[in-house]
Amino acid sequence: MNINSFSNLHRTENVNTIRTTSYDLIVIGGGITGAGILLDAASRGLKTLLIEKGDFASGTSSKSTKLVHGGLRYLKQFDFWLVKEVGTERAIVHKLAPHLVQPEKMLLPLVEKGSYGKWLTSIGLKIYDILADVEGEDQRQMLDKKQALEKEPLLPKKILKGAGYYAEYRTDDARLTLEVIKTALRYDATAINYSEVQEFIYKDKLVKGVKVYDHILNQQYEVQAANIINATGPWVDEIRHLNKSVQGDTLQLTKGVHLVFPHEKLPITQSIYFDVPDGRMIFAIPRGKVTYVGTTDTIYQQNKEEVRTEVVDAIYLIEAVNHMFPKINLTLEDVISSWAGLRPLIQQEGKSPSELSRKDEIFISPSQLISIAGGKLTGYRKMAERAVDKVIHHIEKQKRDALKDCYTDTIKISGGPWENYEDVKQYIQQISERIVPLGFTQYDAWFLVTTYGKQIEEILKIYATLSDIDIHKKLIQAEFRFCLAYEMIATPSDFFIRRTGRLFFDIQSLKDQLDTILLEYKQQFKASESQVEEERSKLLKAIKDSELH
């Protein structure tokens, strides 16, 4: 599969190719872990197929805190290995996709009766820098009260003692997942969404294929493969049940909720990582037109397909923000969007949700199904490497010797190429100079580049062919057609939620352009009126759920 066929306009041809091809590896699950495995395996030389039952990144990988961060709080649990690995990975992933993984300075306020004292914070951040190989201006600084208030005037003057100041990275998790998949296409990988694995095919008691149900074409087919990895996040145990191989460790799902506010309602000048009275830590992150806050960490045992932000979650976060920022008085009415996601952690008896390890774990069943669970967004590349190493261990020596070692730390991710982050900032300025005279804003330039990277050139070419007078309508049509042609969208929800993040970060533009995109959907997919109305209902429900009103 190449990027030109990575479209549901070619669905029938793509499925026909898949069903008549025998693969070295099938990856079940189209989140960041599955995407990472697809790229790792394909780039080493394995013929690899990824199968996702919904849209790519429709589970946990579009509902994280959207940070590529080192996990500072894991130092409190003395989990030095995890801090070292994910801390080091931050800089690697930033280098591979600087338009999607952008530097974000983090302020850690030190307050009276808080969880962090000045001395321990200073040592902790120093250890953090050492473990993560942080250099130069990104190394931690300790600020006094005056300096902390200069960085963020909204901090609580009365109880503020100072702050730690250190470097992390911000990302768009769903876009990162998608671009990793698109990068894998360069290495003859194949990926398909809306395709559900319903059964395993066995040969000599080993898994050698899957029966798949295609939710778009409404048909079942079989795919043969020498090896299979289950990377389905919160659904890992369901796939293990399908394989009749659930034994030993199982998953403990925890829910994480984030709230989005208009930036003017929470006008912080930079990202802040602060503690709340119950001892947990929360992020407040400015992003474009909004500020978002999260996260919660509670045991979840309900429907995995319908994970929602409950009012009790929202009140917890709002009270935490109001406690840390006395000049702010947020209410439920100020919430303009939200999201709730699940963490697929490994069950550990007697531990609270926040104490559960974020380490990944690999399970291999008697029939050789490889399952991977746990882990963090930041560590996706190393998780993939470990999973593919297990596959290669099972391959006969002659074929194994022909494969490459893992080198995904040098494979630039789709959307570039870039020299460095300065290159990205200069490109944003160039795009701004080109589109502001047309009536767009600097925000539009920033959004387009940090969403699509240099692929914006293709979008602007499509834009130039459209005749509508309304520039915003024209631009969103061009974006939709780009995503249709090169990013395998199947529904308007794929576009508004996972390809562009508008549901979370620019919900007004979703409301304004809903009819525009539904008309595009109808025309491009030759959809019936009932299909269009079904898609409208899905989006209106997504808006209602996210707004909490």
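Just one of the listed residues (SER58, SER62, SER115) is small (Gly, Ala, Ser), touching a residue at least 60 places away in the same chain (Cβ under 8 Å) and open to solvent by less than 10 Å² (accessible area, probe 1.4 Å), and it is SER62.
For the stretch 509-532, does any single residue satisfy the condition of being within 19 Å of ALA478 (Cβ to Cβ) and β-branched (Val, Ile, Thr)?
For the stretch 509-532, residues within 19 Å of ALA478 (Cβ to Cβ) and β-branched (Val, Ile, Thr): present.
Residues are listed down the side, and each one gets a yes or a no for (1) touching a residue at least 60 places away in the same chain (Cβ under 8 Å); (2) in contact with a Phe, Trp or Tyr (Cβ under 7 Å, 6 or more places away or on another chain):
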position: VAL388; (1), (2): yes, no
position: ILE392; (1), (2): yes, no
position: GLN398; (1), (2): no, no
position: LEU403; (1), (2): yes, no
position: GLY415; (1), (2): yes, yes
position: GLU433; (1), (2): no, no
position: PRO437; (1), (2): no, no
position: VAL449; (1), (2): yes, yes
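When ARG73, ARG90 are checked against the criterion of being under 23 Å from VAL260 (Cβ atoms), open to solvent by less than 60 Å² (accessible area, probe 1.4 Å) and at pLDDT below 90, a single residue qualifies: ARG73. Considering each residue of the stretch 12-33, count those that are in contact with a strand residue (DSSP E or B) (Cβ under 8 Å, 6 or more places away or on another chain) and either in a strand (DSSP E or B) or under 24 Å from ASN218 (Cα atoms) (or both), and give that number. Total satisfying the criteria: 15. Of everything listed in (1) closer than 30 Å to ASP389 by Cα; (2) open to solvent by 20 Å² or more (accessible area, probe 1.4 Å); (3) in contact (Cβ under 8 Å) with a residue 40 or more places away in the chain, the single unmet condition for ARG280 is (1).
For the stretch 179-204, the candidate set comprises residues that are of a type in the set (S, T, N, Q) and touching a helix residue (DSSP H, G or I) at 6+ places or on another chain (Cβ under 7 Å); within that set, the residue that is nearest to ALA97 (Cα to Cα) is THR183. Of the residues making up the stretch 413-445, those that are hydrophobic (A, V, I, L, M, F, W, C), over 20 Å from THR177 (Cα atoms) and open to solvent by less than 80 Å² (accessible area, probe 1.4 Å) are ILE428, ILE431, ILE435, VAL436, PHE440, ALA445. Can you name the residue in the stretch 498-537 that is among the charged types (D, E, K, R) and under 21 Å from THR177 (Cβ atoms) and, of all such residues, is farthest from the chain's Cα centre (by Cα)? The qualifying residue farthest from the chain's Cα centre (by Cα) is ASP506. Among the residues of the stretch 214-225, is there at least one that is part of a strand (DSSP E or B), under 26 Å from TYR194 (Cβ atoms) and of a type in the set (Gly, Ala, Ser)? Looking for residues that are part of a strand (DSSP E or B), under 26 Å from TYR194 (Cβ atoms) and of a type in the set (Gly, Ala, Ser), one finds at least one in the stretch 214-225, hence yes.
When the stretch 389-398 is examined, which residues are found to be part of a helix (DSSP H, G or I) and touching a strand residue (DSSP E or B) at 6+ places or on another chain (Cβ under 8 Å)?
To start, the set of residues in the stretch 389-398 that are part of a helix (DSSP H, G or I) comprises 389-393, 397-398.
The answer is LYS390, VAL391.
Return yes when VAL293 is assigned to a strand (DSSP E or B), open to solvent by less than 30 Å² (accessible area, probe 1.4 Å), of a type in the set (A, V, I, L, M) and within 18 Å of TRP446 (Cβ to Cβ) and no when it is not. When the stated conditions are applied, VAL293 does not pass them. Scanning the stretch 240-264 for residues that are outside any strand (DSSP E or B) and open to solvent by less than 20 Å² (accessible area, probe 1.4 Å) yields ARG240, ASN243, SER245.
Looking at the stretch 323-378, the strands (runs of 3 or more DSSP E) lying wholly inside it that each contain 1 or more residues that are open to solvent by less than 20 Å² (accessible area, probe 1.4 Å), farther than 22 Å from PHE505 by Cβ and at pLDDT 95 or above sit at 370-374.
The values are calculated or read from the model by the stated rules, or taken from the named source; none is laboratory data. Please read all numbers here as calculations on a predicted model, not as lab measurements. Every residue, glycine among them, receives a Cβ derived from its backbone with ideal geometry; neighbour counts consider all protein chains shown. To get the accessible areas, we keep the full protein, side chains included, count just its heavy atoms, and leave off ligands, DNA and RNA. Shrake-Rupley method; radii C 1.70, N 1.55, O 1.52, S 1.80 Å.
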